[in-house]
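What follows is a short report on a single structure.
The values are calculated or read from the model by the stated rules, or taken from the named source; none is laboratory data. Not measured: the values here are computed from a predicted model. Using ideal geometry, Cβ is built from the backbone for each residue, glycine included, and neighbour counts are taken over all protein chains shown.
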Amino acid sequence: MTNAAIYDPAVAPVGAARQADALADRLERGARALAAFASTLTDAEWQTPLPHDGRTVGVVVHHVASVYPVEIQLAQTLAAGKPVVGVTWDDIHAMNGAHAQENHAVTREAALDLLRKNSAAAAAAIRALSDEELNTAAEASLYSDAPLTCQFMLEDHAVRHSYHHLARIKAAVARKA
């Protein structure tokens, strides 16, 4: 099952960036913004728990970094026209809870290193996708088996993830000040 073209290279202006490049650039900007802000935090701010979540800032920064490979894998599954099966929000919450327990003492250096490494790998994987693959849709169990495009999965997860958590981190740090 494919979706209508979101980006049509046949009608794109000369010199226009491929959609995959634009997505990868947005992912990289978000990861850099998260890294830049996290690198300015005091040790106390790094340990600040996020409201309605409980995970510390440090754990959340590491979380963003650690899930890029999973988010990319889900998008690549859709890009291949295959459904994403057996992944539920309960699974995501369990994965996030286990991650928080296993990484409760993560250092800023380790989290930022993983963020740089995994965001670069995620951006490279996105850039490797063709416009056709970005527009390919298949059912996704995470969304009640609705057919989603690879591009939507990328935008809703890997690309958005750092921006989403950066806003929550900034709010938590500001609230604590």
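For the stretch 48-59, a residue qualifies if it is exposed (fewer than 14 other Cβ atoms within 10 Å of the Cβ) and either in a helix (DSSP H, G or I) or of a type in the set (D, E, K, R) (or both), but none of them does.
Could you go through the stretch 153-160 and let me know if any residue there is out of contact with any Gly (no Cβ under 8 Å at 6 or more places or on another chain), without any contact (Cβ under 8 Å) to a residue 12 or more places away in the chain and buried (at least 16 other Cβ atoms within 10 Å of the Cβ). Looking through the stretch 153-160, at least one residue is out of contact with any Gly (no Cβ under 8 Å at 6 or more places or on another chain), without any contact (Cβ under 8 Å) to a residue 12 or more places away in the chain and buried (at least 16 other Cβ atoms within 10 Å of the Cβ).
The residue list Thr56, Thr107, Thr88, Thr77 contains one member that is touching a Gly at 6+ places or on another chain (Cβ under 9 Å) and polar (S, T, N, Q), which is Thr107. Using the structure shown, decide if Val85 is modelled with pLDDT of 95 or more and touching a His at 6+ places or on another chain (Cβ under 9 Å). It is false that Val85 is modelled with pLDDT of 95 or more and touching a His at 6+ places or on another chain (Cβ under 9 Å).
For (1) more than 11 Å from Glu71 (Cα to Cα); (2) over 14 Å from the mean Cα position of the chain (by Cα); (3) not in a helix (DSSP H, G or I), each residue gets a yes or a no:
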| site | (1), (2), (3) |
| --- | --- |
| Ala123 | yes, no, no |
| Leu129 | yes, yes, yes |
| Leu148 | yes, yes, yes |
| Gln151 | yes, no, no |
| Ser162 | yes, no, no |
| Arg168 | yes, yes, no |
| Ala171 | yes, yes, no |
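Condition check: of a type outside the set (Phe, Trp, Tyr), under 24 Å from Glu133 (Cα atoms) and part of a helix (DSSP H, G or I). Does Glu45 satisfy that? No; evaluated as a whole, the condition is false for this residue.
When the stretch 150-177 is filtered for residues that are of a type in the set (Gly, Ala, Ser) and over 17 Å from His62 (Cβ atoms), the ones remaining, listed by number, are Ala167, Ala171, Ala174, Ala177.
So that you can scan it fast, the table gives a plain yes or no per residue for (1) in contact with a Leu (Cβ under 8 Å, 6 or more places away or on another chain); (2) more than 15 Å from Ala31 (Cα to Cα):
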| position | (1), (2) |
| --- | --- |
| Lys82 | no, yes |
| Ala98 | no, yes |
| Arg108 | yes, no |
| Ala137 | yes, yes |
| Arg175 | no, yes |
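Restricting the stretch 106-136 to residues that are small (Gly, Ala, Ser) and crowded, with 21+ Cβ neighbours inside 10 Å, which is farthest from Arg18 (Cα to Cα)? Once the filter is applied, the top-ranked residue is Ala111.
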